[in-house]
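The values are calculated or read from the model by the stated rules, or taken from the named source; none is laboratory data. In this text, all values refer to a predicted model and were calculated from it rather than measured experimentally. Cβ coordinates were reconstructed from backbone atoms using ideal geometry, including for glycine residues, and neighbour counts include every protein chain displayed.
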Amino acid sequence: MITTSEDHRTSTYDRKIAFKIFFGLLITCLLIYLVYWFIESSHYESTDNAYVSAPQLQISSQVEGTVSAVLVSETQEVKAGELLFKIDNTESKIASEIADADLMKAIRTVRSNVLMAKVKKQELERTKLDYERRLSLQGVAAYSADELAHYKSQFDLAQTAYSQSLENADGIVNLGQVANHPDVLRAAGLSKKSYVALLRADVIAPAQAVVARRMAQVGQRVSPGVPLAALILSDVMWVDANFKEDQLSKMRIGQSVQLEADVYGNKVNFVGTVSGFSPGTGSSLAILPAQNATGNWVKVVQRLPVRVAIDPEVLKKYPLRVGLTMTAKVDIRNSQGVALQSMQKNETMQTDLYDQQTIAALKHVQTIIDHASKTN
């Protein structure tokens, strides 16, 4: 086929136009990207290497015994104060009854000593009065020296007996102060200890959580420290976002973070804030840290876990679970603060469960003291 010069010029012309259009679009896209990067992307650092974390509570036995009841299952939500396990309390109940009996015996013994001290004090006052009255008549020869020596001996014996009885009562002369005697205090301490052990035969949930693992089974013999279950607090969660080390220079505590969970997709946006930085990278804090001082060394970009606090109100609507994958996008425009600054505010966790047990033990002991005081 023969082509004319006119067709050749048309083809060349069309190719030049096409190249111009192509490079024009390429430059336009590049400019749009640069504008977008300057306005938007340069102010954010993002990573998809982020995972949900939460506090994990280890529930362990505080007394020795046999598990008699298991009242929870894995994945079950429990509330604070809910009964999780029952440990056979036969032995602890017997020990508590013995301690209570020893306390009542100690109270009655001390009360008896106080009353005896009062009797000895009266005898001392009587013998003292007899001796002083006869001593005052010594000059008129009403009493012989032997009689005075006899009354003096009775007075000395009464004084010794009163001192001994007062020593047995630990100086207590009022029945209302019997509870302050060392023997009573010791017996009361043992009674409280035994009663607390009796209460702890019922294993109570210290906070609202979800049962992650249940290790205890009915009939299992447990001792103090043996783990029974693991709980995860579902209303206190955070995200550990693992950023590369070259992304951390402009990050500060308090910066806003946009979070997306793979389980919900981009339909749900979680709002968070940077709350702290890990003191070391994952490789340095591992059980077997990397040995970089070797001959075969290759530089690997490290990642540092950044803790991101999640708004608890959003968690109530869209609950998460530990280990779920997240995408974190940090707004780094707020430059206040120091890079890699440690968390200033401590995230405290506490429960009043053990305080309530202590209060119950104190009331139990006080009831015994009041009862023993009334029966005498």
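Brief remarks follow.
- Filter result for Leu115 (in contact with a strand residue (DSSP E or B) (Cβ under 9 Å, 6 or more places away or on another chain) and either at pLDDT below 85 or surrounded by fewer than 17 Cβ atoms within 10 Å (Cβ to Cβ) (or both)): no
- Within the range 349-376, the residues that satisfy the criterion of being of a type in the set (D, E, K, R) and farther than 12 Å from Leu103 by Cα are Asp352, Asp355, Lys363, Lys374.
- The residues listed here are Val239, Val268; of these, the one that is surrounded by 19 or more Cβ atoms within 10 Å (Cβ to Cβ) and β-branched (Val, Ile, Thr) is Val239.
- Taken over the range 206-244, the criterion of being farther than 30 Å from Val67 by Cβ and at pLDDT below 90 is satisfied by Met237 alone.
- From the list Arg200, Arg221, the lone residue that is of a type in the set (D, E, K, R) and over 19 Å from the mean Cα position of the chain (by Cα) is Arg221.
- Of all residues in the range 310-331, those that are farther than 16 Å from Asn242 by Cα, assigned to a loop (DSSP other than H, G, I, E, B) and among the hydrophobic types (A, V, I, L, M, F, W, C) total 1.
- Selected residue (only one of Val210, Val184 is more than 25 Å from the chain's Cα centre (by Cα) and hydrophobic (A, V, I, L, M, F, W, C)): Val184
- The sole residue among Gln357, Gln366 that is surrounded by 15 or more Cβ atoms within 10 Å (Cβ to Cβ) and among the polar types (S, T, N, Q) is Gln357.
- Enumeration of residues in the range 273-285 that are without any contact (Cβ under 8 Å) to a residue 60 or more places away in the chain, farther than 15 Å from Pro312 by Cα and not aliphatic (A, V, I, L, M): Ser278, Gly280, Thr281, Gly282, Ser283, Ser284
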